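The values are calculated or read from the model by the stated rules, or taken from the named source; none is laboratory data. Note that the coordinates shown come from a computational prediction; the quantities given were computed from them, not determined experimentally. Ideal geometry is used to build each Cβ from the backbone, glycine not excepted, and the neighbour counts take in all protein chains shown. Side chains are part of the model used for accessible areas, which takes the heavy atoms of the whole protein and leaves out ligands, DNA and RNA. Shrake-Rupley method; radii C 1.70, N 1.55, O 1.52, S 1.80 Å.
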Amino acid sequence: MWRSTATTGADRSLTETLSQKANLPLVRRLEAVGFRAWPASSVQYDGSWQVRLTAGHPSNRLNSIVPLDPSDHRDVEVRLEKASRRFEAYGRPAVLRQTPLASPVLIDLVKERQWTHFDETIVMTCDLTHAELPDTLDHLPTHDIGRFVDANLSTDQVSPKLKPALAEIINAIGPPCGLFMIEDPETGPLASVLCVQDNDLAGIMSLSVAKERRREGLGLEILTSALRWARMRSARSAWLQVKAANEPALALYDRFGFREAYRYCYWRQEQAQ
């Protein structure tokens, strides 16, 4: 039977960073609204583990094992193998998403098996009731999903081949959502963002600005429009996810009063050559 082994200083530091002072009830709520805001096409449960898979889209948020209870490590080896086989059936390496809700026993196991960790991400929240939104040009949301998807793929510099999958994801979102774009009649899409309102929470998803037009205030402008729309619809708090290394985005979100709630990262099973 497998037993946890001692972790390295670097691994211990990462785990402590992800779990430090985490408000677990808040983490659980934000994880739940995050699943509804970015729905996977296939979701299976094994105890409190959620196995999310989406054949047509490579997003790690849509394709990962997500443990949701720090105390759930029963039969951890067998369950990890079972979940990994589901990824193999999709032709993908298994990916584990480590939030403060992941069992340390499970994390020790993937470290022991030499999975590699990547993409540390910060989940941030903002009090919309007291947020001072900049006085910028307002943009109304579009109802044209196809047009929004084209704009988002363009500004995010992602292959147009993902259009059917992204359109399917957006169509599957249950809560009300606002699709925001800034376009230039001559050059095309400049910025885009998706805002999902889930009762009193507003999730900011897929904010992107055309590479050649960054640092011109377009991100500030479109994010303001999305947050203003959400607040008018009675959202009291906003949340978003941003990679820890994305300093320009972190600076933008700081201007709106977004503060860190918790962090997560991914672990990937390396495929045999």
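For the reader, a short list of remarks on this structure follows.
- Taking GluC sites (Glu not before Pro) across region 191-273, the ones in a DSSP loop with at most 11 further Cβ atoms lying within 10 angstrom of their Cβ are Glu270.
- Using a simple spin-label model with pseudo-atoms 7 Å out from Cα toward Cβ, Ala172 and Gln44 lie 1.5 nm apart.
- Full-stretch length increase - Tyr90, Ala251 - with 0.36 nm per residue and alpha-carbon distance subtracted: 54.2 nm
- Longest segment of the chain lacking chymotrypsin sites (Phe, Trp or Tyr not before Pro) that sit in a DSSP loop with at most 16 other Cβ atoms within 10 Å: 91-273
- Angle between the chain longest axis and helix 9-19 axis [Cα atoms, degrees, rounded to 10]: 50 degrees
- Projecting the Cα atoms of Leu218, Met232, Asn199 onto the charge dipole of region 129-235 (Cβ charges, centred on the Cα centre) puts Asn199 farthest toward the positive pole.
- Selection from Ala172, Leu153, His139 lying farthest towards where the dipole of region 117-273 points positive, charges on Cβ: Ala172
- A Gaussian network model of the chain, with springs between Cα atoms under 10 Å, assigns the largest mean-square fluctuation among Gln197, Gln241, Gln44 to Gln44.
- Selected from Arg74, Arg263, Arg97 as most flexible by GNM, with the chain as the system and alpha-carbon contacts under 10 Å: Arg74
- Heavy-atom accessible surface of region 129-235, averaged per residue, reaches 51 Å², computed with a 1.4 Å probe.
- When only the Cβ of Lys, Arg, Asp and Glu is charged (+1, +1, -1, -1), the dipole of region 129-235 relative to its Cα centre reaches about 240 debye.
- Computed lengthening from Glu186 to Asp200, 0.36 nm per intervening residue step minus Cα-Cα distance: 1.2 nm
- Close amide-amide hydrogen proximity is noted between Ala131 and no other residue 5 or more places distant or on a separate chain, at a cut-off under 5 Å (H modeled in the peptide plane; Pro and chain starts excluded).
- Only protein heavy atoms count here; on that basis, with a 1.4 Å probe, Leu68 has an accessible area of about 40 Å².
- With the simple spin-label model, which puts each label point 7 Å out from Cα in the Cβ direction, the Ala22 to Ser237 separation comes to 1.6 nm.
- Within the accessible area of region 62-107 (1.4 Å probe), percent carbon and sulfur: 52 percent
- Förster-model FRET efficiency, 25 Å R0, Ser59 and Ala32, C-beta, rounded to 0.05: 0.90
- Averaging the sequence gap over all C-alpha pairs within less than 8 Å and six or more residues apart, then dividing by the number of residues, gives region 122-266 a relative contact order of 36 percent.
- Neighbour cut-off at most 15 other Cβ (10 Å), DSSP loop, GluC sites (Glu not before Pro), region 65-150: Glu132
- Share of carbon and sulfur in the accessible area of region 129-235 stands at 49%, probe radius 1.4 Å.
- Cβ-placed point charges (K, R +1; D, E -1), dipole of the chain about Cα centre in debye, nearest 20: 600 debye
- Sum of side-chain charges, Ser84 neighbourhood, beta-carbon under 12 Å (Lys, Arg +1; Asp, Glu -1): +2
- Helical runs (DSSP H, four residues minimum) scored at -39500 (n - 2.57) apiece and divided by the length of the chain put the mean residue ellipticity at 222 nm at -10500 deg cm²/dmol.
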